[in-house]
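Reviewing the structure listed below.
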């Protein structure tokens, strides 16, 4: 299992379209993936779970993966968050 923290920098945080893009990316991997924001934890492959995190701009999230492609999964999701999920800053 590996995990990495990253700060959400896109203007809308992990809401609506960015959350859907996050889940779409997570779903490409076989590993079990979770994302944590504060004391809340969610299945990274469920858009409803990700939305309940309330991860807004400036929130630190921790992405964890466990499985055969865990390193690739975490790297891809961290890169997605760091790229502002396709939104302008």
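If you go through the range 76-89 and keep only what is touching a residue at least 40 places away in the same chain (Cβ under 8 Å) and under 13 Å from the mean Cα position of the chain (by Cα), you end up with 76, 77, 78, 80, 81, 82, 84, 85. Candidates in the range 9-39 are the residues that are exposed (fewer than 15 other Cβ atoms within 10 Å of the Cβ) and in a loop (DSSP other than H, G, I, E, B); of these, the one that is nearest to the chain's Cα centre (by Cα) is 27. Taking the criterion of being touching a residue at least 24 places away in the same chain (Cβ under 8 Å), part of a helix (DSSP H, G or I), surrounded by 16 or more Cβ atoms within 10 Å (Cβ to Cβ) and at negative phi, would at least one residue in the range 56-69 satisfy it? No, that holds for no residue. Taken as a whole, the structure places residue 48 among residues that are exposed (fewer than 15 other Cβ atoms within 10 Å of the Cβ) and either at pLDDT 95 or above or assigned to a helix (DSSP H, G or I) (or both). If a residue must be within 18 Å of residue 2 (Cα to Cα) and in contact with a strand residue (DSSP E or B) (Cβ under 8 Å, 6 or more places away or on another chain), how many such residues does the range 23-73 contain? Going through the range 23-73 one residue at a time, the tally reaches 25.
The values are calculated or read from the model by the stated rules, or taken from the named source; none is laboratory data. All figures in this text were calculated on a predicted structure; none of them were measured in a lab. Using ideal geometry, Cβ is built from the backbone for each residue, glycine included, and neighbour counts are taken over all protein chains shown.
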